[in-house]
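Worksheet: the structure to be examined is printed underneath.
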Amino acid sequence: MSQTRATPQRPTAWWKEVVVYQVYPRSFNDSNGDGIGDLNGITAKLGYLQQLGIDVVWLSPHFDSPNADNGYDIRNYRQVLAEFGTMADFDRMLEDMRARGIELIIDLVVNHTSDEHVWFADSRRSRDNPRRDYYIWRDGKPDGAPPNNYPSFFGGSAWQLDPTTGQYYLHYFDVKQPDLNWENPQVHAEVFDLMRFWLDKGVAGFRMDVIPFISKQPGLPDLAPDQLAHPEFVYSNGPQVHQYLQRMHHEILDPYNAMSVGEAFGVTLEQAPLFTDAQRGELSMVFQFDVVRLDRDNWRKTDWTLPALKAALARIDQAAGLHGWATSYLCNHDNPRAVSHFGDDSPAWRERSAKALATLVLTQRATPFLYQGDELGMTNYPFQGVKDYDDVEVRGQWRQLVETGRVPAAEYLEHVRQTSRDNARTPMQWSADPHGGFTTGQPWLAVNPNYVEINAAAQLEDPDSVFHHHRRLIALRHQTPALVHGAYVDIDPKHEQIFAYTRTLADERYLVVLNFGTRPLEYALPGGLSIERAVLDNGSGDAVTAGATLLTLAPWQATIYKLD
Ligand code: ISL
Ligand code: CA
C-alpha cells in the first residue's frame, strides 16, 4: 500500500492507519558474511516487507554501541554501528523504504546512554565537570552502602561506585547503561537536537525506550519491601514525566507530525491515558505490558487463562478511550515468540495457531506491531544450558539468583527457557540454506534448527502459509476502516476457549471469532448476532450460511465475519 509520508501539514493521525513491523537489525539479515545482521541486509529484504504489506518499520537501535545490551546502550547517537554499516547505508535503506511507501521509525533510547558515551566520560571525570549533572550521582550511605535500595533490572544494585570521584551513579539497567538526568535542561536540549538530526533525514518518528522512567522520584527514597519485586511501577511514576513529554511534543513531535510510541513499562492502565490522550499533547500511543507479562512474575513463568488475556485487551482498549490510541502486539525483542507463548507451537497446530494470533493482533482498535519472524510463525529456541544465551539480562539473573544459591540452576533454566528475550533474537529464517539463509558466515546467535521447515522461501511459495495469511489480514485491515477505528466489544469475556469480539463503525459490523485450543466446539452466537458471510479465515472454518447464528469451530479456527 503506498503510504505517502506524513508531513507537518497533514492533520490526520496517520499512525492510526498503519501496520508496523519491528526489525531487530542484529538478527534480520547479514549481507556481508560476518554473522551479524546489517542495514544493507535490511535493504535487500524490503521487497519482502513490501509484499507483506506493512507500512512502517520500527528499527531497533542501529547506533554506535559497545553492545552491552545489544545496542540499547548508545555510545554515539549520530553514528551507525560499524557492524551494521555506514550512514550512507542508512540513507540508502531509508530512501528505498520511502520509495516503496514504507515509513521508518527508530528507537529513541534516552533514559540512559552507554557508559562509553562522551557525555558520561566527561561526567565521571570530576565532580565539577560541566557535564557532571548529565547523569545521576549520589554519595553512598555513611557505611559506604549505595545511596538507596534500588535494584537493577539486570541483577544487583542500580548503583555503581565510581572510584575517580567516590560517588555512585544510577543505572536502572546494566552497569554500562548510566541513567541520564532529565532534571537538567541541557539533557533536554541534547535529546531534542539528536531527534531533529534523524527527523531531518526523513525518519517518521520514534519508539521510545522505557520513556516513563526519565523522571526520578524526588530524594530517591528507598523502595518499600512490596515494591522491590516490581520497581518499574515506582520508576515509571516520577513527578515530571508528563512535563518532559509535553515539552518534547511541543518542541519536536508536533512540529514534525512525528509518530511516537512509548514503551510504557510499569505504567498501569489507569495511568496510560495520561500519555496517549491527544488533548494532552504527549505521545501517539504506548506499549502496555499487561498482555505480554500476563504470565510473568519477574523471571518466573506463570500460567495464563484466556479470560485474563481478554480482560487485559479490553482494559487496553478502554484505556485508549476516545482521545487516546493503543498498540496491539504479542511479541518483540524482549519477549518469547508469540506462537510459543500464546499459541500452540506443536507441529500439528503451529501454523494454524500462528494465523489465529495474527488475526487477533491485526483486528484490534490499535496500531498493530508485528515482530520479525511472527509472519512466519517462528518459534522459541530449544535452549539447554546458560551458555546458550547471549542476553545480558540472563547473565545478570544467573549471577544474582543461581550463583548465589538462591535458585537451583535447573529451576531457573526451566523458567528462562520459556521467557528469555533471546527466544525472539535468534536470526530470521529466510530459507532452508545453512543458518536459515541468514548468513554465509557463523551467526552471532544460533539459528533455530527448525529453519529447515520454517522459512520465508518455503512460505512465499505456499499460498496457505502463515506469511500469506498475514499478508491477507494486513490487506483486509487496510481496506476495512471498521477494523481500524471501529468500537471494540468482547461479546463473551468469560468463555474459557472462545475469543469473540465485534468491531463496529457506523453500519459496518464485523465479528472476529478465535478458537483458542485444539478442541472443536459448537458456538451459539450470543446477543442475537447473525452472520452475513465469512470474510477471511485461517483455512479451518466451515462455510457458514447467511443468517447463521450457530458456528461449528475447528481447532484453532480464526474467522472474521461480516455481520448483518
Ligand atoms: O527485562 C525486562 C524487565 O525485566 C524487559 O521487560 C525490558 O528490559 C524492559 O521492558 C525495558 O526494555 C527496554 O529497555 C531495556 C532494553 O534491555 C530492552 O531491550 C528495551 O526494550 C534497557 O534499554
Ligand atoms: Ca553483517
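The values are calculated or read from the model by the stated rules, or taken from the named source; none is laboratory data. Everything numeric here is computed off the predicted structure, so don't read it as measured data. All Cβ positions, even for glycine, are placed from backbone atoms using ideal geometry, and neighbour counts span all protein chains on display.
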> Quick check: is even one residue across segment 21-40 touching an Asp or Glu at 6+ places or on another chain (Cβ under 7 Å), assigned to a strand (DSSP E or B) and of a type in the set (A, V, I, L, M, F, W, C)?
Replying inline: no
> Being within 22 Å of His469 (Cβ to Cβ), more than 33 Å from the chain's Cα centre (by Cα) and either outside the structural domain of Trp349 (by TED's automatic domain parsing) or surrounded by fewer than 21 Cβ atoms within 10 Å (Cβ to Cβ) (or both), is that true of even one residue in segment 545-558?
Replying inline: yes
> Going through segment 439-487 one residue at a time, which ones are hydroxyl-bearing (Ser, Thr, Tyr) and assigned by TED's automatic domain parsing to the domain that holds Trp325?
Replying inline: Thr439, Thr440, Tyr451, Ser465
>> Given the options Pro382, Pro427, name the one that is at pLDDT 95 or above, within 16 Å of ligand 2 (Cβ to nearest atom) and assigned to a loop (DSSP other than H, G, I, E, B).
In response: Pro427
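This table checks each residue for (1) over 23 Å from Asp69 (Cβ atoms); (2) outside the structural domain of Glu83 (by TED's automatic domain parsing); (3) under 20 Å from the mean Cα position of the chain (by Cα); (4) hydrophobic (A, V, I, L, M, F, W, C).
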position: Arg395; (1), (2), (3), (4): no, yes, no, no
position: Arg399; (1), (2), (3), (4): no, yes, no, no
position: Ala409; (1), (2), (3), (4): yes, yes, no, yes
position: Tyr412; (1), (2), (3), (4): no, yes, no, no
position: Thr426; (1), (2), (3), (4): no, no, yes, no
position: Ser431; (1), (2), (3), (4): yes, no, no, no
position: Gly437; (1), (2), (3), (4): yes, no, no, no
> Of the residues Ala82, Ala13, which single one is away from ligand 1 (no atom under 16 Å from the Cβ), under 24 Å from Arg471 (Cα atoms) and of a type in the set (Gly, Ala, Ser)?
Replying inline: Ala13
>> One residue is enough: does segment 97-111 have a residue meeting the conditions in a helix (DSSP H, G or I) and within 16 Å of ligand 1 (Cβ to nearest atom)?
In response: no
> From the list Asp507, Asp490, which residue is touching a residue at least 12 places away in the same chain (Cβ under 8 Å) and among the acidic types (Asp, Glu)?
Replying inline: Asp490
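Scan segment 266-276 and tell me whether some residue there is among the aromatic types (Phe, Trp, Tyr), closer than 30 Å to Arg337 by Cα and assigned to a loop (DSSP other than H, G, I, E, B).
Filtering segment 266-276 for residues among the aromatic types (Phe, Trp, Tyr) gives 275.
With the extra rule that they be closer than 30 Å to Arg337 by Cα, the set shrinks to 275.
Going one step further and asking which of them are assigned to a loop (DSSP other than H, G, I, E, B), we end up with none.
No, segment 266-276 has no match at all.
Yes or no: Tyr168 more than 16 Å from ligand 2 (Cβ to nearest atom), at pLDDT 95 or above and within 30 Å of the chain's Cα centre (by Cα)? Can you show your working first?
Details: more than 16 Å from ligand 2 (Cβ to nearest atom): yes; at pLDDT 95 or above: yes; within 30 Å of the chain's Cα centre (by Cα): no.
For Tyr168, the condition - more than 16 Å from ligand 2 (Cβ to nearest atom), at pLDDT 95 or above and within 30 Å of the chain's Cα centre (by Cα) - is not met.
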> Restricting the search to segment 42-78, which residues are buried (at least 20 other Cβ atoms within 10 Å of the Cβ) and in a strand (DSSP E or B)?
Replying inline: Val56, Val57, Trp58, Leu59, Phe63, Asp64, Tyr77
> Of the residues Thr439, Thr419, which single one is in contact with a strand residue (DSSP E or B) (Cβ under 9 Å, 6 or more places away or on another chain) and either in contact (Cβ under 8 Å) with a residue 60 or more places away in the chain or more than 16 Å from Ser27 (Cβ to Cβ) (or both)?
Replying inline: Thr419
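Which residues, taken from segment 432-444, are within 14 Å of ligand 2 (Cβ to nearest atom) and over 18 Å from Ile42 (Cα atoms)? Give the steps one after another, and end with the answer.
Narrowing segment 432-444 to residues within 14 Å of ligand 2 (Cβ to nearest atom): 435, 437-444.
Passing the criteria: only Gln442.
Just a yes or no: is a residue in segment 103-112 closer than 13 Å to Leu46 by Cβ, within 16 Å of ligand 2 (Cβ to nearest atom) and of a type outside the set (Ser, Thr, Tyr)? Quick ask: steps written out before the conclusion?
First pass over segment 103-112, keeping only residues closer than 13 Å to Leu46 by Cβ: 103-104.
Subsequent filtering for residues that are within 16 Å of ligand 2 (Cβ to nearest atom) retains none.
No, segment 103-112 contains no residue that is closer than 13 Å to Leu46 by Cβ, within 16 Å of ligand 2 (Cβ to nearest atom) and of a type outside the set (Ser, Thr, Tyr).
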> Just a yes or no: is a residue in segment 308-320 out of contact with any strand residue (DSSP E or B) (no Cβ under 8 Å at 6 or more places or on another chain), free of Cβ contacts under 8 Å to residues at least 60 places away in the same chain and in a loop (DSSP other than H, G, I, E, B)?
Replying inline: no
> Of the residues in segment 403-433, how many are over 29 Å from Ile454 (Cβ atoms) and surrounded by fewer than 18 Cβ atoms within 10 Å (Cβ to Cβ)?
Replying inline: 7
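From the set of residues in segment 268-304 that are hydrophobic (A, V, I, L, M, F, W, C) and within 11 Å of ligand 1 (Cβ to nearest atom), which is surrounded by the most Cβ atoms within 10 Å (Cβ to Cβ)?
Filtering segment 268-304 for residues hydrophobic (A, V, I, L, M, F, W, C) gives 269, 272, 274-275, 278, 283, 285-287, 289, 291-292, 294, 299, 304.
Subsequent filtering for residues that are within 11 Å of ligand 1 (Cβ to nearest atom) retains 287, 289, 292, 299.
Numbers: Phe287: 22, Phe289: 19, Val292: 20, Trp299: 16.
So, considering only residues that are hydrophobic (A, V, I, L, M, F, W, C) and within 11 Å of ligand 1 (Cβ to nearest atom), the one surrounded by the most Cβ atoms within 10 Å (Cβ to Cβ) is Phe287.
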> When residues of segment 29-69 are filtered for being more than 10 Å from ligand 2 (Cβ to nearest atom) and not hydroxyl-bearing (Ser, Thr, Tyr), how many remain?
Replying inline: 24
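Please determine, by comparing only the residues of segment 277-307 that are in a loop (DSSP other than H, G, I, E, B) and among the polar types (S, T, N, Q), which one is nearest to Glu414 (Cα to Cα).
First pass over segment 277-307, keeping only residues in a loop (DSSP other than H, G, I, E, B): 277, 281-284, 288-295, 298-299, 302-305.
Narrowing the set further to residues that are among the polar types (S, T, N, Q) leaves 284, 288, 298, 302, 305.
Working: Ser284: 38, Gln288: 26, Asn298: 14, Thr302: 12, Thr305: 20 Å.
By that ranking, first place goes to Thr302.
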>> Being surrounded by fewer than 19 Cβ atoms within 10 Å (Cβ to Cβ), touching a strand residue (DSSP E or B) at 6+ places or on another chain (Cβ under 7 Å) and either of a type outside the set (Lys, Arg) or not in a loop (DSSP other than H, G, I, E, B) (or both) narrows it down to one residue among Phe197, Phe206; which is it?
In response: Phe197
>> As an exercise: evaluate Val394 against (1) within 16 Å of ligand 1 (Cβ to nearest atom); (2) assigned to a loop (DSSP other than H, G, I, E, B); (3) buried (at least 22 other Cβ atoms within 10 Å of the Cβ) and give the number of the one condition it does not meet.
In response: (2)
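Among the candidates Ser346, Ser353, single out the residue that is over 16 Å from the mean Cα position of the chain (by Cα) and in a loop (DSSP other than H, G, I, E, B).
On the way: Ser353 fails: in a loop (DSSP other than H, G, I, E, B).
Unique residue meeting the criteria: Ser346.
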>> Suppose the filter is in the same structural domain as Ala264 (by TED's automatic domain parsing) and either in contact with a strand residue (DSSP E or B) (Cβ under 9 Å, 6 or more places away or on another chain) or surrounded by fewer than 16 Cβ atoms within 10 Å (Cβ to Cβ) (or both); does Thr86 pass it?
In response: yes
